[in-house]
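Let me begin by presenting the structure, written as structure tokens, before commenting on it.
The values are calculated or read from the model by the stated rules, or taken from the named source; none is laboratory data. This one's a predicted model, so the numbers in the text were calculated from it and none came from an experiment. So basically every Cβ, Gly included, is an ideal-geometry build from the backbone, and we count neighbours across all protein chains shown.
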Amino acid sequence: MTKKEKLRELLCAGINELIMAKMIKINDFTDEGEPGALFTEVLGKSSKISWRYISHGEILISVWWGLKPKCIDTEDITPYNTNKKDAVDACCSGWLERKDGVWLQGQMESGLVGPYCAKSAEAELFAIEDVKPLGYNKEGKYYM
């Protein structure tokens with residue numbers, strides 16, 4: 001697997017955490033709740049998972065994996081204002097489709113936004129095993 005394919009696995013692990021914590025509804029595309037963030041452990045690392053409802057029932061989900069100590073429990077980590085190498089070991093975002101079916105948009109390497117993995121975390125990223133999605137497909141049509 002490539003680095004981006006492993007980042008898709010990481011994103012799926014983050015989505016699973018949101019589903020288990022009942023933070024998002026994956027089967028109700030009319031639900032457009034408030035954006036939010038969950039600070040939790042994902043695959044053994046302190047992480048932030050954020051979500052924001054977009055249009056057409058999509059949810060933009062971001063996983064910030066391996067938070068550096070200065071970034072734990074802060075709302076300031078976003079794809080737009082953070083130097084990733086100073087904040088996390090790895091991160092990426094993707095869209096969860098809910099209107100036409102329930103899937104993480106894109107296939108293999110496509111559909112990920114802002115993929116990043118520090119060289120120091122590559123071995124851990126590649127050690128991630130196959131993540132089984134909880135009620136959604138890991139891949140699907142990518143709308144551009």
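Applying the selection to the range 33-53, what residues are surrounded by 13 or more Cβ atoms within 10 Å (Cβ to Cβ) and not small (Gly, Ala, Ser)?
Across the range 33-53, the qualifying residues are Leu38, Phe39, Thr40, Val42, Leu43, Lys45, Lys48, Ile49, Trp51, Arg52, Tyr53.
The conditions are (1) modelled with pLDDT of 85 or more; (2) closer than 19 Å to Lys99 by Cβ; (3) crowded, with 16+ Cβ neighbours inside 10 Å, and Phe29 fails exactly one of them. Which is it?
(1)
So that you can scan it fast, the table gives a plain yes or no per residue for (1) part of a strand (DSSP E or B); (2) in contact with a strand residue (DSSP E or B) (Cβ under 6 Å, 6 or more places away or on another chain); (3) crowded, with 19+ Cβ neighbours inside 10 Å:
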{"position": "Leu7", "(1), (2), (3)": "no, yes, yes"}
{"position": "Leu10", "(1), (2), (3)": "no, yes, yes"}
{"position": "Lys25", "(1), (2), (3)": "no, no, no"}
{"position": "Leu60", "(1), (2), (3)": "yes, yes, no"}
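Could you run through the range 119-131 and say how many residues are under 17 Å from Lys68 (Cβ atoms) and either buried (at least 16 other Cβ atoms within 10 Å of the Cβ) or in contact with a Phe, Trp or Tyr (Cβ under 7 Å, 6 or more places away or on another chain) (or both)?
The qualifying residues number 3.
Among Thr40, Thr30, Thr2, which is the only one that is under 16 Å from Val131 (Cβ atoms), more than 15 Å from the chain's Cα centre (by Cα) and among the hydroxyl-bearing types (Ser, Thr, Tyr)?
Thr2
Among the residues of the range 44-67, what is the count of those that are in contact with a Phe, Trp or Tyr (Cβ under 7 Å, 6 or more places away or on another chain) and modelled with pLDDT of 90 or more?
Qualifying residue count for the region: 7.
Please enumerate the residues belonging to the range 68-111 that are modelled with pLDDT of 90 or more, touching a helix residue (DSSP H, G or I) at 6+ places or on another chain (Cβ under 8 Å) and part of a loop (DSSP other than H, G, I, E, B).
The answer is Val88, Asp89.
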